[in-house]
Structures are given as C-alpha cells and as structure tokens.
1. Can you go through ASP584, ASP572, ASP597 and tell me which one is within 16 Å of the ligand (Cβ to nearest atom) and either out of contact with any Cys (no Cβ under 7 Å at 6 or more places or on another chain) or not assigned by TED's automatic domain parsing to the domain that holds ASN332 (or both)?
2. Suppose the filter is outside the structural domain of PRO976 (by TED's automatic domain parsing) and over 19 Å from CYS372 (Cα atoms); does GLU433 pass it?
3. Does VAL149 fit the bill of being of a type in the set (A, V, I, L, M, F, W, C) and more than 19 Å from ALA284 (Cβ to Cβ)?
4. Looking at segment 626-635, can you tell me whether even one residue there is outside the structural domain of ALA951 (by TED's automatic domain parsing), of a type in the set (Phe, Trp, Tyr) and within 16 Å of the ligand (Cβ to nearest atom)?
5. If you check PRO606, PRO602, which single one turns out to be farther than 23 Å from PRO976 by Cβ, of a type outside the set (Val, Ile, Thr), within 16 Å of the ligand (Cβ to nearest atom) and touching a residue at least 40 places away in the same chain (Cβ under 8 Å)?
6. Within segment 191-229, work out how many residues are of a type in the set (Phe, Trp, Tyr) and not in a strand (DSSP E or B).
7. Checking the condition in contact (Cβ under 8 Å) with a residue 24 or more places away in the chain and in contact with a helix residue (DSSP H, G or I) (Cβ under 7 Å, 6 or more places away or on another chain), which residue from VAL128, VAL161, VAL113, VAL149 passes?
8. Residues of segment 359-385 being more than 14 Å from the ligand (Cβ to nearest atom), outside any helix (DSSP H, G or I) and buried (at least 24 other Cβ atoms within 10 Å of the Cβ), which ones?
Amino acid sequence: MTSTAAPDAVPATDPADHWWEELPAGQGRLRGRAHLHSDAPTLSLDGTWDFRYGTRADGIDLGESAPIEVPGMWQLQGYGAPQYTNVVYPIPRDDPYVPDENPTGHYSRTVTVPAQWNASLADGARIVLRFQGVDSAAKVWIDGIEIGVTTGSRLTQEFDVTDALGSEGEHLLDVRVVQWSVNTYVEDQDMWWASGIFRSVDLLLRPAGGIHDLEHVADFDPATGAGTLRVTAYDQEGTEVEATVEVPDLGISATTGTEIDAGQVRPWSAEDPHLYDATVSTGAETVRLRLGFRRVEVDGEIFRVNGERIVFRGVNRHEADPVVGRTQHLANQDLDVALMKQHNLNAVRTSHYPPHQRFLEVCDEAGLYVICEGDFETHGFHADSTWGEDPTGAAERPADNPMYEELLVERTERFVLRDRNHASIVMWSIGNEAATGTVTDAMIAAVREVDPTRPVIYEQDYRCDHSDVFSLMYSSIDESTQIGRRELSDEYRTKLVHMLRHQGVDAPDDGFGTAEDPAPALSKPFLWIEYAHAMGNGAGSLKEYMELTHEYPALHGGFIWEWIDHGLETTDTEGNRIYGYGGDFGERLHDSNFVADGLVLPDRTPSPALLDAKHHYSPVGLEVTPGSVRIHNRYAFSDLTHLRAEVSLDSQHTWQELQLPTLAAGESTDVALPAGDGTVTTVRLLTRDPAGPVPADHVVVAADHVDAEKRRASVPELEGAVTPERSEDGSWQLGPARFDDLGRLVSIGDLEVEQSYADLYRAPVDNERARTRYPLEARWKRIGLDGARRRTVGVAADGDQLVVRTRLGLDGSKLGADVVERWRGTGQQVEAEVTITPVDFWPKDLPLPRIGWTLSLPGGLDQVEYEGYGPHETYPDTGGGTTFATWESSLQDLQVPYVFPQENGNRAGVVRAVLRGGATGGLELQAPDGLGLAVRPWSTTELDQKLHDGALRADGRTWVTLSAALHGVGSAACGPLPLDQYVLSAHEETFTFRLRPLDS
Ligand code: GAL
C-alpha cells in the first residue's frame, strides 16, 4: 500500500516536551492484551510510507521527504548506520537522558477508514491503531493531534484512535521515531542498534461487544489423561464478557468463565504438538484459538511437562536477517523452526525480547518448548566503555531503581498478556543481564499475577529467591557437575557470591548459603540459560554437557548461545561482498564480530555446530559395537514406533533394514546386529512419516563403530621399495617424488609441490582471540608459531629411506621442535613417516594449535573424495554426527564460510583421499592410521589474516593440511576453555602418510 500524500509539514512540537526521556514512559496506550486471530476487520498499514530523517528528536532538522518501507529499520534503508555493541551503551550512560544528537525518523502516511467499517462504528465499534514493534520510542499524531507515545521496542502498543479518525476521508498519520530514548537504557541487548517501525502496523476495527482480550488455560492431567479448559474473555475496559467456546474435535460448546471438562484429550508436547482448533464468540466477534492441553510443573528439583521430566535441548534465538535485520520476513519464522526441528532441538529461548507473533505460532504448531523473555537488559550499567568495573553502574541499576519500576512492570505485564495463549511457552523470563533489586522482584510478581500457571525464570536471580528455576550462563562441566550433585565447593560458592556482589547486591560471604543451609537455588531444577557459545568454529563439548543431563536429574539441559550470526550484507573497502559485523559501518565504539556467534550462518545455512548439536541433542542415543547397538530412548513421552532403523556393515555402501523395538520413553535396550567383518558398523534411525517440518526418511541420528586395528590391517604394506637417488645438484629422487637439496618435497609425479613442511600451526578460531577467556592467538603469534622457520639438519639416504632431519624454530625464542622425516618410495608412491618432537621445555600451559603437515599443490584440484569421518568438519571436541564412509565434496563445500575467517573444514580420521580436477592429474593421499585433512584454495596465512569470509582470495594453489593432532576449539569466546582431554599439550607425535600421483 502506498500513501498518496507526501506531507510537507510535520506536527509542531513543544520544545520543552522531551517525551523520549520521560519516566514513566509511554502515553495514551491501551492496556496490553492478547494477540488474537479475530474475524473483526483489520487494515494493514504496512507498505511504503513517507520518511524524513534528522538528528534531533524535536524534529527541527528533518530532511526532505522520501519513501521508506514499513516494516523496516532505517539504518538498513540508507539512513544512518547500524552499530553493534554487546554490553556497553553506545551513548553516554546518563539515564534517563540521551544526547541531543539523536537520529530521528519521521514517518507519515495517509489513512482512510474503510467505508465498510461505518456501520460497526455507528454501533459503537472502536478503531485501534496497533504497532507491533517500534525501536526505540515514538510519538504518534493523527491530523496533527497527539495520540500517544510508545515504549518497549519489541512490544505491541495500541492506541484507541476512534475519535481521531472519526470524520470521513483521508487522515494524516505521523509517527516520529527516535533512536535513543529512556528505553535504550533498559534494552541493552547484545545485537545491532537499529531503529524504526520494524514490525507491522495495522488498524483494527474492534466491534462493540467483541472480545478485546482473552486468556485460556488448557490443563492436562497426566494421571487421568483428562483435559480441562477455562477461557476468560474481556472487553476493552478489562471487564469479563461472556462468550461461547467451541472445540469441535472435543464436542465442546460451553461458556467462558467456567471450568470446562474436555474429557480425554491428546496432550500437547514438543514431541507431539497436538493442537485443537477452537473458537470463542460473542455475537459481535469470533476469535480463533489453537489449544494445546498440557501441564507444566516445577516439582522439587524436577521440571515436568505432562508429568514427565523434560530436558531442554535448546537454543537462544535473536531476530536477525542479513538484509532486513530485526525486521522479520514471515518465512524466517517457519524456516527457523523447521531447521530447529530437523536438527533435534526441542526448545528455544526468545533472547532477549518477545519475538514476532508468527514465531510463537510456529512453535505451538511444530512443537518447541519456549522460554519467552521480556524486553529488558541493562548490561551497560555493569561496564563502562573501557570495559573496567564501573562501581556506580551496579549501584544505579534500574533493577533496583524505583524510577524505573512503572516502566518495567508495565512492559512485563504487556508481554505476558500478549503471549499467554501459546501452548509452547512453558516458562516466562523477565529479561536478561539486568541484575536484581526491588524492581525485578516486582516484575516477577507481575508475571505471576498475570499468569499464575507458568514458572518464572530470571537467570540473574542466582540464589533463586524469586525464580522457580535455577539457571546460569556458561557454567563449566565441573561447575555443572557440582550443581547436579547439589554439592558446591567452597571455591565455587565464593565465585557465586562474587557474581552477586558484581550485581550490586550486598551479599555476605555465605550469600550463596552453606553446605548445611544451601541457597534456594540448589533445591530447584537447573538449566543452562546460555551455554556452548557457538561463535565461529565451535562450541566444543556439547557431548559432555548432554551427558550430564543423563546423569543428574536436576540438570535440565539448556540453550546454546545462539541461533544465528547477525552479520549484515555489505561491501568492504575493496568491494568484496561480505557479512558485516561491528566496525564495518564506521562505528567508533563496537564489539567487532562478537555478533556472529550462531548455529546458522547469516543466510541461515547450518554451520557444523548445528550438525554437532543435532547429534548430541538426538532424542535417541546409539552406542554401536560390531555385534549390537545399544539404544537409549531419551524422549519424555514417545516410543520409537515413528522411527525405523538401518544398519550398514560396509562403510555405508549398502544399508539393511534393522528391526527396531518399540522401546518406551526413557528405556534402553540392546539390539543384535547382523554379522559382518566388524571393520565399520553404522546404524542410523530415520523418520517413517513426515511430522510437521520434518520429512519422511529424515536421518534423526547416526552412529558407528570403527575397528581401527582391522581397518589398519587392511591397508597393504608398501611393496617394491626403491632406494633414494641423489643427483649432482644435491636433489633427490625417490619413486615419483623429488626432493631438493634441503630435503624438501618439490614434486610428486607431474604435480609441482610448492611447499611441504611439518607444521604446528592452524589459524586461530574465535574462541582463541584477544577478547576471549583464552587468548591463545596472541601467545601463539608472539612466539612466531604462525611463521616457524625450518633449518635443515641433515638429508641422507638410509637403506631404502631418505631421512630428512630438520629443526623448526620460532623467531626470538629457543622454543621449537625437532622433525625427522623418513621417506620411502615405490614406483608409484611415496610414504613419509614423520616424528615431531617439541622441545622438552615447551611451556606447560601453552597448547599447540596442531601437529601435522602442510602441502601446497597446484590449483584446480577442486574435487575431493575422502574416506574418513564426514560429511561435516570435526575438531577434537566437535563433530558429533560424523560417521566413517567415503564422502565426496567440491573444494568449495569443504570450506565453512565463518563470518570471520578462521580454522575450519578439518575432516577427522581420513585414511584415504583423492584430489582431482585441473589439468595436472590428481593425487591420492593415504594415511593408514587416519589423519585430519583439510583442503583449501588458500593458505593458513590467508585464513589467519583476512577479516571477512568474503575477502578470502584463492591463490591458485591447493593447500592440504594433514593433522595428527589438533587443539580443541572449546567455547572460550564466552565460556569455558576446552576440557583437559581436548587440550593439545606439546608432545612427540609420529604419523605416516602416502602420496600417489594420479593420471589426469
Ligand atoms: C551473554 C548474554 C548474551 C550474549 C552472550 C555472548 O552474557 O546474555 O546476550 O551477549 O553473552 O554472546
């Protein structure tokens, strides 16, 4: 829809009226209410509006009028620029005031009330103007008359505009949106700062005698299988109105306000998200509801849905899109939920604000447990712009400041009122990282008042004085184990007391209780509200986290941080198309690529972390041995009849159907497998029928057993060894391989080898960079590991071996490694046995990035077939869901385009690989004991130095890295370091590989 008149003037404002800084904020709004699907008419005001942009909230310097899309964010439509900060405020912390320079967008359009509405209006209908999301505050006028002010960027705000639109004809709607307002201080989420009318705007006809608000409780009694239903309808004044409730599939026709016996019902759960269609009608209006009968309870330390303990296999989801930002394409709601379901996720936290309505509807329909979170974060009170501790910040926190109480309690009520009819929401969270105080206590009380049926969680209430569920962020495996055991070490107790104090809470030394008298938290269910920080390559150790949930009933799983990289499409200074992050839009203050930490890349391509999560989140666990498979049914409700099983005894060349027992929820059993040679046994479970967004024949989980000894025994020994021959110039020939006088491999058959060297380096991952808890990159680079130098110690023939001894040295240091290469050859191939021995005084606390070999081959080898673990990348603490087989991939698909370039693409346990393409013929690589393999069109240096994936340049070579050992990736960008077993401490390593040139 396009507005017809471009207004020249905007409403005059009183210079003294600083509505954007006023507390309590918001004027003239209707009380919050449910987002309902009604048969009452609506008129969408989405489309092209007129827009004038300026830098002052008083509108004095607004520019020329130009068209703009609503919904949308103006920074992504050519005005101003997005800015990314995680914790700190992008403006001075001067609350409730904001700087004079305040990017401001003045939106205008004409509105004509449809003539068909007139009859209803004559009967007393009202017209409501609804904004579903305006960032960060707006003043609204109709025909120059003030209507009101919005507050709460991700909250629905409605105004009764009946009188303003009362006269016939065209009316002028003006909406002045400011980027900075008092809301800014309570909406400090870790995401792009961007503004505008970013969710839909509509005009609603509210019939007299209609249903203005509605709440329903559809309870399920797991003991009897019976459902009860209570629906309460309200008019605009909040007074109960009587309406008829119909649920055809249950034969229900009853009145609101009464307890309706629904008889035996099929309950709703994430496993079986059964919804009953219902209508609620007064004579004047009919509202459609989708009912999910379910009961959510906190039962001591157990969180139950329909009587059963639930494990949250979840993720935190922000609303992000590489083109439109927080504005949401409708399709993204369905797509995200489909991807989550297909990857075995069963839960989502709407971090850190109530999402687009459609998202919750899809969660109801497809089955995800939702923690719905309020639009509240004040993290910037805890850090000043130098990232130091700010003593005044904690003390002045809005959580404990009565000045903010009305604003925050109202917005809390508002989001619960909007969303309380969703079956998928099993808990409310009042917000994120905002500390605690009298105001947050009041917010929690307000939630309970509006919806007494669901538990309330607030991570920052560490002691759980008010929360029903205990949760923390980024707890280590060790800390989580202590929580699971209900036994905290003194050290951990002290850490928790410090966390309380950091919030400004005056906590005594025993503030987190004592062993004899623990804090209330330790008697409640626990979950990781955020964990497994999925920034770049990682997070590691999902396996260990999920194992804890099997062991300790109080540990209820958690929510990976986070769903999507928030990269924004843009162009760098060299003209490369890139996904931009903090700093790419000219921001002076920013937090760089910390905004790209999702399970899916900005364009929603699953990153390997999602595939890893799929495996560890699988509702069915498989432990394969050559003769049998142990199956663990980890569903809370379902048996396995909806799945079928297949087994392969030949590295996945052929599959046979395997009889899968029904196996009730929570049970485990062993199933015998057909006899094979026992080398590689693979089992997978697939869906029988489509279920919501999960298609039929979808692999839910796959696992295998590889008998390394048997596999090794099948590799033929090198036969027909030839002896190395030395040429006059000092170079060597050994079978198809040629070495220079320094013992460097320079060609293999027709393939020129530009570089070939023992290598201790890989590009650092995000978890190893400067701002992490484990800044290894700086330490690695300080000792020059990224540019190790080779010194030849000796090159000599020893029988049929060419022995090359070198020393790897690091600039400015005595650190390094001795390398011994023993090359043997036949007419067709060459084999290297390499021993790398780091100096024995290598610092104990400094892991090596990797131990391996690097080859630079001619370019064009763009097709790779490999026998090993695939099809996705694996690092020591990731790679769940990879299985052993022969996989094929293009060179391009072997790369993971992480927004910020870093080590990626390693395939584990590769015993054989064939690289083909180009004019020079191919190469077969063998690694009898299995090695990590990465093949790239660029060097490690390129990966290490470029700042955006889109800036990486192929250099005309094919780079092959073979890794005998790699350092784990961990989660230290915002979480624990790799577990001890994944730390690559310096040690001697011997590995073998073979190279065979192939004809073109
Ligand atoms: C958490 C925070 C998230 C996000 C994450 C780091 O502390 O709650 O919003 O900032 O850290 O990516």
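The values are calculated or read from the model by the stated rules, or taken from the named source; none is laboratory data. Nothing here was measured: the structure is a model prediction, and the numbers come from that model. Using ideal geometry, Cβ is built from the backbone for each residue, glycine included, and neighbour counts are taken over all protein chains shown.
1. Working: ASP584 fails: within 16 Å of the ligand (Cβ to nearest atom); ASP572 fails: within 16 Å of the ligand (Cβ to nearest atom).
Testing whether each residue is within 16 Å of the ligand (Cβ to nearest atom) and either out of contact with any Cys (no Cβ under 7 Å at 6 or more places or on another chain) or not assigned by TED's automatic domain parsing to the domain that holds ASN332 (or both) leaves just ASP597.
2. For GLU433, the condition - outside the structural domain of PRO976 (by TED's automatic domain parsing) and over 19 Å from CYS372 (Cα atoms) - is not met.
3. Values: of a type in the set (A, V, I, L, M, F, W, C): yes; more than 19 Å from ALA284 (Cβ to Cβ): yes.
Against the criterion (of a type in the set (A, V, I, L, M, F, W, C) and more than 19 Å from ALA284 (Cβ to Cβ)), VAL149 qualifies.
4. Kept after step one, since they are outside the structural domain of ALA951 (by TED's automatic domain parsing), are these residues of segment 626-635: 626-635.
When the remaining residues are screened for being of a type in the set (Phe, Trp, Tyr), the result is 635.
Still in the running and within 16 Å of the ligand (Cβ to nearest atom): none.
For segment 626-635, residues outside the structural domain of ALA951 (by TED's automatic domain parsing), of a type in the set (Phe, Trp, Tyr) and within 16 Å of the ligand (Cβ to nearest atom): absent.
5. Values: PRO606 fails: within 16 Å of the ligand (Cβ to nearest atom).
Just a single option satisfies the conditions, and that option is PRO602.
6. Applying the first criterion (of a type in the set (Phe, Trp, Tyr)) to segment 191-229 yields 192-193, 198, 220.
Add one more test, that the residue is not in a strand (DSSP E or B), and what stays is 198.
Of the residues in that region, 1 qualify.
7. Working: VAL128 fails: in contact with a helix residue (DSSP H, G or I) (Cβ under 7 Å, 6 or more places away or on another chain); VAL161 fails: in contact with a helix residue (DSSP H, G or I) (Cβ under 7 Å, 6 or more places away or on another chain); VAL113 fails: in contact with a helix residue (DSSP H, G or I) (Cβ under 7 Å, 6 or more places away or on another chain).
Every option except VAL149 fails the conditions.
8. The answer is GLY367, LEU368, TYR369, VAL370, CYS372.
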